[in-house]
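Shown next, in structure tokens, is the structure this report addresses.
The values are calculated or read from the model by the stated rules, or taken from the named source; none is laboratory data. In this text, all values refer to a predicted model and were calculated from it rather than measured experimentally. Neighbour counts run over all protein chains shown; Cβ positions are idealised from the backbone, glycine included. Side chains are part of the model used for accessible areas, which takes the heavy atoms of the whole protein and leaves out ligands, DNA and RNA. Shrake-Rupley method; radii C 1.70, N 1.55, O 1.52, S 1.80 Å.
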Amino acid sequence: MPPVKGGEKAIFYFWKYFSKHAELHVISVKENVERDSFMPIAPILTSTHNKWRYVNPALYFKVKKYCRRHGVNAVVMEHPYYAWLGYLLQRFAGIKWIIRSHNIEAIRFKTIGKWWWRILHKYEKFAHGYADYSFFITEEDRQYAIAHYEVNPSKTAVITYGIENNMAPSLEEKAQMHQTVCEELGLPPHTRLILFNGSLSYGPNRTGLEAILHRINPLLQHKIQDPYKIIICGSGLPAEYDELRTYAKQHILYKGFVEDIHKYFKAADVFINPITEGGGIKTKLVEALAANTPCVSFETGAWGVPVAVTDNHLSVVADGNYEQFVDAIINKLQSKSENIPSLFFEHFYWGAVVHKAADILKRL
């Protein structure tokens, strides 16, 4: 804490809103203890630098003792990595065990070329098979677990990623933010802003960046007449990219880490998500849509975002079809501005997302 990356936000804000429904305790690492928080944090997991914490059998006794002292009757685990601990708590301490899955982790690691994904696949199957309940962040992940992990469908639910705002910024507010960002970047006010955002130390996001540099932007340069900039935001860009200086004269502007990324989401004319690897929901896509910004995504990158709740704000293109992807960008730039429907916020607002999860846990 404070949360910066999408996965960190998915955890932090879920529990922030969940704390309104039940007494909440968080077992975490010591680096989180000194932060201001809406919940008590027990640093039982030692440090983020201690990778052995994932296989430390002493944790069972520490966590069991903590749960009994505080009357904890259910444990929700982020990701499947502590499944062995959840199983022990369930079997020998009588504590309900729920997994909140952000991805099908084995498949995510398969797509980025990790040889040990099959081992994780077996472990993940064990985790979801024995857990009292599994929360999945997308319907695609839920269906995969039912088909390949043989999970009982009645013990699963989609609890999606959420957003804090329950309504879209106005088109007038977006126009003002567009002007503000153009002034800050020294761009003419009529420049069309195309945004890409994500942690660039993460392989799938870097593959998306490569697609922008070598496949998408060259096509845009031939097809679009209006002045435009593709703004690349995100930390962790490897040094060999030299902050994309080579591409500065090709409509590419590298901003790096942006303190207030929501300002750029609002200012953008279109957000692009050329992601074809990894799993789970792409939080940046949800946040861009919540900013009332039209988006173009490859199919894999749009998992977990029902097109039906976005109206015309989201165009989904088959993975790898760069011609169609660029045409969709141009279509968005040329279309009349409209507001994203309220149905989007009914689906993704954290208050509604967490209410569903709380109801399930109460029934358990």
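Among the residues of the stretch 269-278, write down those that are of a type outside the set (D, E, K, R) and open to solvent by 10 Å² or more (accessible area, probe 1.4 Å).
Passing the criteria: only 276.
From the list 244, 289, 220, pick out the single residue that is closer than 21 Å to residue 308 by Cβ, in a helix (DSSP H, G or I) and not acidic (Asp, Glu).
289 is the lone residue from the list that is closer than 21 Å to residue 308 by Cβ, in a helix (DSSP H, G or I) and not acidic (Asp, Glu).
Restricting to the stretch 295-326, name every residue that is open to solvent by 20 Å² or more (accessible area, probe 1.4 Å), touching a residue at least 40 places away in the same chain (Cβ under 8 Å) and over 18 Å from the mean Cα position of the chain (by Cα).
319, 320, 322, 323
May I ask you to list pairs of residues, at least six apart or on different chains, whose Cβ atoms are under 6 Å apart, with the first in the stretch 115-132 being under 13 Å from residue 84 (Cα atoms) and the second being open to solvent by 40 Å² or more (accessible area, probe 1.4 Å) and part of a helix (DSSP H, G or I)?
Partner pairs satisfying both residue conditions: 130/87.
I'd like to verify a number: residues in the stretch 181-202 that are surrounded by 14 or more Cβ atoms within 10 Å (Cβ to Cβ) and part of a helix (DSSP H, G or I), how many?
Qualifying residue count, the stretch 181-202: 3.
Return the pairs, sorted by first residue and then second, in which the second residue is part of a helix (DSSP H, G or I) and not hydroxyl-bearing (Ser, Thr, Tyr), the first residue lies in the stretch 1-28 and is closer than 14 Å to residue 164 by Cβ and open to solvent by 40 Å² or more (accessible area, probe 1.4 Å), the beta carbons are less than 7 Å apart, and the residues are 6+ apart or on different chains.
As it stands, the answer is 13/350, since those pairs meet every condition given.
From the residues in the stretch 51-74 that are free of Cβ contacts under 8 Å to residues at least 40 places away in the same chain and of a type in the set (Val, Ile, Thr), which one is least open to solvent (accessible area, probe 1.4 Å)?
Only one residue tops the list, namely 63.
Only residues that are in a helix (DSSP H, G or I), surrounded by 15 or more Cβ atoms within 10 Å (Cβ to Cβ) and either in contact with a Pro (Cβ under 8 Å, 6 or more places away or on another chain) or not hydrophobic (A, V, I, L, M, F, W, C) (or both): list them for the stretch 247-268, please.
247, 262, 263, 264, 266
Here are some conditions: (1) farther than 20 Å from residue 13 by Cβ; (2) modelled with pLDDT of 95 or more; (3) within 18 Å of the chain's Cα centre (by Cα); (4) surrounded by fewer than 24 Cβ atoms within 10 Å (Cβ to Cβ). Residue 292 meets all but one. Which one does it not meet?
Going through the list (1) farther than 20 Å from residue 13 by Cβ; (2) modelled with pLDDT of 95 or more; (3) within 18 Å of the chain's Cα centre (by Cα); (4) surrounded by fewer than 24 Cβ atoms within 10 Å (Cβ to Cβ), residue 292 breaks only (1).
Please go through the stretch 85-110 and give me each residue that is in a helix (DSSP H, G or I), of a type outside the set (Gly, Ala, Ser), more than 17 Å from the chain's Cα centre (by Cα) and surrounded by 15 or more Cβ atoms within 10 Å (Cβ to Cβ), ordered by number.
85, 87, 88, 89, 90, 110, listed by residue number.
Residue 235: of a type in the set (Ser, Thr, Tyr), surrounded by 14 or more Cβ atoms within 10 Å (Cβ to Cβ) and within 20 Å of the chain's Cα centre (by Cα), yes or no?
no
Taking the conditions exactly as written (in a helix (DSSP H, G or I), touching a Pro at 6+ places or on another chain (Cβ under 7 Å), without any contact (Cβ under 8 Å) to a residue 24 or more places away in the chain and of a type outside the set (Asp, Glu)), does residue 146 satisfy them or not?
Yes, satisfied.
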